[in-house]
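Below is one structure, written out as structure tokens; comments come after it.
The values are calculated or read from the model by the stated rules, or taken from the named source; none is laboratory data. Please read these numbers as outputs of a predicted model, since none were measured by experiment. Note that each Cβ is placed from the backbone with ideal geometry, even for glycine, and that neighbours are counted across all protein chains shown. With ligands, DNA and RNA removed, areas are computed over all heavy atoms of the protein, side chains included. Shrake-Rupley method; radii C 1.70, N 1.55, O 1.52, S 1.80 Å.
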Amino acid sequence: VYMRVTSPESVPYDPIKDFDPIGSHTFFPLCVAVQANSPWKTFNDLIDYAKQNPGKLRVSTAGVGSTSNFDVEITKSLTGAEFTHVPFKGGEAVVTALLGGHVEMSYDIVGKFMPHVEAGKVRILLVSRKISFLPNVPTITELGYKRELLSGWHGLFAPSGLPEDAKKVLVPAIEKAVKNPETKAKIEKIGYAVEYKSPEEQRRLMMNDYETAKSIAVKLGLGK
């Protein structure tokens, strides 16, 4: 789920109580990207500079309350670095701002940056989750920090109270489809990480992400 904080009053359902997870299938990792000609070759280089120059580095994200915004806040908390947040309203503006030199760094979905990485214009320094086609790019815990950044994910849900007979058909079918090697290869080719999560694991993932996002949203003045 690519999370964005919104007013609870505008949502006509409770996403926790009104739906039952029936299996998740893909993650879309976020990343920290800089221009290829920037002086920062590694994430640690970038953090060292940011700590020596608080607020000087501008970072574009998909908006206030987006997963990328939360990952910036997690990064700041873990590292002690300070950035100047430049939020956009999603889309390609996050990448365009980086390519145009309007910001020094960006947090967004890996897939958005890959064409520019392949063109030699962008360097990816960090990913929120390991991905097969960037095996040498670390996650933040691989660099010694105590927790991972958030990643977006796709999961399947059914109305709460789905009969057990239906679950016995749907859940194994979803797992089989996700673990199909041919399907996995096609999905990873477009920038996603394929990883099956059972309904129980999916619920834990959802609740952990929710609690993380809620605490950050409160800190940012976006919720209670």
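State whether the residues of segment 199-214 include one that is within 28 Å of residue 117 (Cβ to Cβ), open to solvent by 70 Å² or more (accessible area, probe 1.4 Å) and not acidic (Asp, Glu). Within segment 199-214 (the criterion being within 28 Å of residue 117 (Cβ to Cβ), open to solvent by 70 Å² or more (accessible area, probe 1.4 Å) and not acidic (Asp, Glu)), the answer is no, since none of the residues qualifies. Within segment 140-152, being over 14 Å from residue 72 (Cα atoms) and open to solvent by less than 10 Å² (accessible area, probe 1.4 Å) holds for one residue alone: 152. Scanning segment 157-169 for residues that are under 27 Å from the mean Cα position of the chain (by Cα) and surrounded by 13 or more Cβ atoms within 10 Å (Cβ to Cβ) yields 157, 158.
Cβ-Cβ contacts under 6 Å between residues 6 or more apart (or on different chains), taken from a first residue in segment 118-140 that is under 20 Å from residue 187 (Cα atoms) and hydroxyl-bearing (Ser, Thr, Tyr) to a second residue that is open to solvent by less than 50 Å² (accessible area, probe 1.4 Å) and not in a loop (DSSP other than H, G, I, E, B), are listed as 128/30; 132/188. Of 131, 174, 74, all but one fail to be closer than 29 Å to residue 198 by Cβ and over 19 Å from the mean Cα position of the chain (by Cα); the exception is 174. Just one of the numbered conditions (1) closer than 28 Å to residue 43 by Cβ; (2) open to solvent by less than 60 Å² (accessible area, probe 1.4 Å); (3) not aromatic (Phe, Trp, Tyr) is not true of residue 189: (2). Note on segment 44-63: residues that are touching a Lys or Arg at 6+ places or on another chain (Cβ under 9 Å) and more than 10 Å from residue 83 (Cβ to Cβ) total 3.
Has segment 53-62 got any residue that is among the β-branched types (Val, Ile, Thr), closer than 18 Å to residue 222 by Cα, in contact with a Leu (Cβ under 9 Å, 6 or more places away or on another chain) and surrounded by 24 or more Cβ atoms within 10 Å (Cβ to Cβ)? Checked segment 53-62: no residue is among the β-branched types (Val, Ile, Thr), closer than 18 Å to residue 222 by Cα, in contact with a Leu (Cβ under 9 Å, 6 or more places away or on another chain) and surrounded by 24 or more Cβ atoms within 10 Å (Cβ to Cβ).
Table: residues versus (1) outside any helix (DSSP H, G or I); (2) out of contact with any Leu (no Cβ under 7 Å at 6 or more places or on another chain); (3) of a type in the set (Asp, Glu).
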{"site": "148", "(1), (2), (3)": "yes, yes, yes"}
{"site": "169", "(1), (2), (3)": "no, yes, no"}
{"site": "172", "(1), (2), (3)": "no, yes, no"}
{"site": "185", "(1), (2), (3)": "no, yes, no"}
{"site": "191", "(1), (2), (3)": "yes, yes, no"}
{"site": "195", "(1), (2), (3)": "yes, yes, yes"}
{"site": "202", "(1), (2), (3)": "no, yes, no"}
{"site": "211", "(1), (2), (3)": "no, yes, yes"}
{"site": "216", "(1), (2), (3)": "no, yes, no"}
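Taking segment 71-96 as the range and being hydrophobic (A, V, I, L, M, F, W, C), without any contact (Cβ under 8 Å) to a residue 60 or more places away in the chain and surrounded by fewer than 20 Cβ atoms within 10 Å (Cβ to Cβ) as the test, the residues that pass are 86, 93.
Total residues in segment 122-134 satisfying the condition of being at pLDDT below 95, under 22 Å from residue 74 (Cβ atoms) and either hydrophobic (A, V, I, L, M, F, W, C) or part of a strand (DSSP E or B) (or both): the figure is 2. When 132, 128 are checked against the criterion of being hydroxyl-bearing (Ser, Thr, Tyr) and open to solvent by 50 Å² or more (accessible area, probe 1.4 Å), a single residue qualifies: 132. Every residue in segment 158-174 that is closer than 13 Å to residue 20 by Cβ, without any contact (Cβ under 8 Å) to a residue 24 or more places away in the chain and of a type in the set (A, V, I, L, M, F, W, C), please. Result: 166, single match.
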